[in-house]
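For reference, the structure discussed in these notes is given below.
The values are calculated or read from the model by the stated rules, or taken from the named source; none is laboratory data. Every value quoted in this text rests on a predicted model; they were computed, and no experiment measured them. Cβ placement follows ideal geometry from the backbone for every residue including glycine, while neighbour counts extend to all protein chains displayed. The accessibility values were calculated without ligands, DNA or RNA, using every heavy atom of the protein model including side chains. Shrake-Rupley method; radii C 1.70, N 1.55, O 1.52, S 1.80 Å.
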Amino acid sequence: MPKPTDLPVWTQLQQHADALHDQPLRALFAADSERFQSFSRHYEQLLVDFSKQRITADTFALLQELAQQAEVPAAIERLFSGERVNHTEQRPALHMALRNRSGGPLWFDGQDVMPEVHRVLEQMHRFADKVRSGAWTGYTGKPIRTVVNIGIGGSDLGPKLVCQALRPYGDPMLKMLFLSSIDGAHAHHILRRCDPETTLFIVASKTFTTQETMTNAVTARSWLLAALGHEAAVAKHFVAVSTNLRAVEAFGIDPGNMFVFWDWVGGRYSLWSAIGLSIMIYLGHERFYELLEGAHALDEHFRHTPLTDNLPVILALLGVWNGNFLGADTHVVLVYDDYLRSLASYLQQLDMESNGKSIDRDGDPVSYATGPVVWGGLGNNGQHAFYQLLHQGTHQFAADFLAPVHTTDPVGGHHSILLANCLAQSQALMTGRTADEARAELSAQGLQGEALEALVPYKVFAGNRCSTTVLYQSLTPRTLGMLLALYEHKVFVQGVIWHINSFDQWGVELGKQLTKSILPQLQGRAAPTLQDSSTQGLIDYCQRH
Ligand code: F6P
């Protein structure tokens with residue numbers, strides 16, 4: 001696979017970006033009344049409008065050419081055919097198998113992985129049904145009322161996002177809690193909300209060695225045993241989800257209460273696997289399958305749709321255009337849907353852990369920007385907090401607005417006000433306000449002369465800030481599955497273009513190792529090893545105080 005900067009089209013895109021510099025978005029809209037039709041695409045319940053991106057028909061054609069020259073279609077086929085695309089760990093990335101609802105096979109190393117996928121799905125299905133119906137009881141015979149998922153990173157963010165997002169579909173009798181941080185305050189406040197007799201803990205960890213998860217699991221276990229007084233209670237209140245059978249056994253969880261998944265599922269791609277057990281318990285198996293079906297539909301779209309209409313490919317190309325040619329180094333996710341309040345955090349891991357890389361697939365340092373800083377949150381709240389920077393700050397960014405056309409909670413006129421805000425913000429970012437317009441407005445408010453002129457510069461909005469708007473008709477399990485798969489594949493395509501491995505995460509290792517050398521010193525169990533003076537000074541301060 002080629003390096004992007006070696007592709008002829010890379011230089012063409014650079015020249016094109018320079019030429020486009022003087023054409024504000026406003027002018028592009030004024031010149032073409034069909035711009036929305038040209039630069040938006042539908043797929044099932046999704047509408048993706050990218051007409052507010054700083055592109056022309058030429059840009060779009062060049063970006064398509066970039067996807068061709070970077071051999072994106074061949075890379076998609078390699079992904080789906082189970083090649084070891086994660087070359088540093090010698091693994092495929094077959095999360096699409098977890099939601100493959102076609103009845104057909106998916107192969108890895110000459111073996112169809114689907115029978116195992118179905119086996120675990122059925123095991124989850126049986127268990128979830130038992131918990132939901134009350135047939136599975138706690139040690140003292142009471143039904144489960146609280147489910148605590150203990151996990152971090154991909155073993156937390158996905159299940160938490162989906163349970164929050166699909167709350168209207170969840171069992172109202174079940175309280176869903178997510179314990180992730182090593183901060184004891186998190187365990188303390190979660191456990192305070194639990195009744196030991198009616199709580200089920202799901203210890204979710206791909207490796208079953210993650211310090212935060214294992215420590216929280218031990219704490220939860222001691223808490224349970226202190227309350228219920230018998231080792232046998234563990235089997236009724238703890239289940240494990242992992243790829244590591246030995247570690248699960250060593251922890252003391254009965255392998256019969258274990259749900260497996262496989263090395264070819266990356267942590268941040270794992271909510272579709274047994275890591276989604278909390279989701280299935282909360283929503284029931286039918287809704288969980290609908291979530292999988294939505295993601296599968298998007299997988300099919302991604303695999304079979306020509307590049308010009310292929311939503312993940314389009315989003316990926318726009319990200320490359322913004323990041324590598326227009327100078328945007330952050331990507332802000334602006335969500336006008338309270339149910340998706342955790343989406344930005346989820347996408348942060350998906351994108352930044354996948355594409356936050358600076359060594360390419362040949363082991364060479366890259367000479368171009370790769371994954372952006374991803375941030376964001378609830379758009380309407382953001383308007384009253386951080387949007388000032390978006391409208392008038394000095395940073396270049398790309399934005400995604402997301403909103404549902406229909407709300408699940410029709411309260412008064414709230415929803416149309418919410419949508420109006422969403423549409424107004426992307427419009428304001430795009431059009432901005434000129435000095436003349438600012439002047440006219442101030443004068444209409446009765447200001448004149450020096451007082452008016454002094455205010456004009458502050459009232460000007462440069463505009464020309466680009467965004468994509470993703471509308472979905474309503475947030476159902478199916479649409480959520482589609483949305484999440486859309487972003488997964490976008491991240492994959494960008495990794496292909498940047499010639500990096502989106503499926504490893506070596507950058508998380510060093511901090512974990514250093515923690516192990518600092519911890520014994522902080523606990524006073526070891527003599528100081530050679531730390532730099534800052535780290536040693538901080539350790540000393542903690543110990544003194
Ligand atoms: O430290 C990063 C990471 O490995 C993520 O990639 C992963 O999602 C998370 O930790 C949790 O890992 P595990 O599921 O193995 O506990």
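Looking at Thr5, Thr88 in this structure, which one is open to solvent by 50 Å² or more (accessible area, probe 1.4 Å), more than 24 Å from Phe325 (Cα to Cα) and of a type in the set (Val, Ile, Thr)? Lay out the reasoning, then the answer.
Working: Thr5 fails: more than 24 Å from Phe325 (Cα to Cα).
The match here is Thr88.
Mind checking which residues of the range 222-269 are in a strand (DSSP E or B) and either under 30 Å from Ser354 (Cα atoms) or open to solvent by 40 Å² or more (accessible area, probe 1.4 Å) (or both)?
Residues of the range 222-269 that are in a strand (DSSP E or B), as a first pass: 238-242, 258-260.
Hits for the range 222-269 are Val239, Ala240, Val241, Ser242, Met258, Phe259, Val260.
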Residue in the range 484-496 that is acidic (Asp, Glu) and either open to solvent by 40 Å² or more (accessible area, probe 1.4 Å) or farther than 26 Å from Arg54 by Cα (or both) present: no
Residue match in the range 145-160 (condition: surrounded by 14 or more Cβ atoms within 10 Å (Cβ to Cβ), without any contact (Cβ under 8 Å) to a residue 60 or more places away in the chain and within 16 Å of the ligand (Cβ to nearest atom)): yes
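What do you reckon, is Leu62 at negative phi, surrounded by fewer than 17 Cβ atoms within 10 Å (Cβ to Cβ), touching a Leu at 6+ places or on another chain (Cβ under 6 Å) and touching a residue at least 40 places away in the same chain (Cβ under 8 Å)?
Details: at negative phi: yes; surrounded by fewer than 17 Cβ atoms within 10 Å (Cβ to Cβ): no; touching a Leu at 6+ places or on another chain (Cβ under 6 Å): yes; touching a residue at least 40 places away in the same chain (Cβ under 8 Å): yes.
Answer is no for this residue.
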One residue from Arg167, Arg193 being touching a residue at least 40 places away in the same chain (Cβ under 8 Å), surrounded by fewer than 19 Cβ atoms within 10 Å (Cβ to Cβ) and either over 25 Å from Val335 (Cβ atoms) or within 12 Å of the ligand (Cβ to nearest atom) (or both): Arg193
Within the range 345-386, tally of residues that are part of a helix (DSSP H, G or I), of a type in the set (Ser, Thr, Tyr) and open to solvent by less than 50 Å² (accessible area, probe 1.4 Å): 2
Any hit, the range 36-55, residues being open to solvent by 20 Å² or more (accessible area, probe 1.4 Å), of a type in the set (Val, Ile, Thr) and out of contact with any Pro (no Cβ under 7 Å at 6 or more places or on another chain): no
Residue that is most open to solvent (accessible area, probe 1.4 Å) [pool: residues in the range 499-513 that are more than 9 Å from the ligand (Cβ to nearest atom) and hydrophobic (A, V, I, L, M, F, W, C)]: Trp506
Meets criteria (surrounded by 21 or more Cβ atoms within 10 Å (Cβ to Cβ), closer than 23 Å to Leu311 by Cβ and more than 23 Å from the chain's Cα centre (by Cα)) for Ala93: no
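Within the range 196-218, take every residue that is among the β-branched types (Val, Ile, Thr) and farther than 21 Å from Ile279 by Cα and give me the one that is farthest from the ligand (Cβ to nearest atom). Working first, answer last.
Let us first name the residues in the range 196-218 that are among the β-branched types (Val, Ile, Thr), namely 198-199, 202-203, 207, 209-210, 213, 215, 218.
Subset that is farther than 21 Å from Ile279 by Cα: 209-210, 215, 218.
Working: Thr209: 7, Thr210: 3, Thr215: 12, Val218: 14 Å.
In this case the residue turns out to be Val218.
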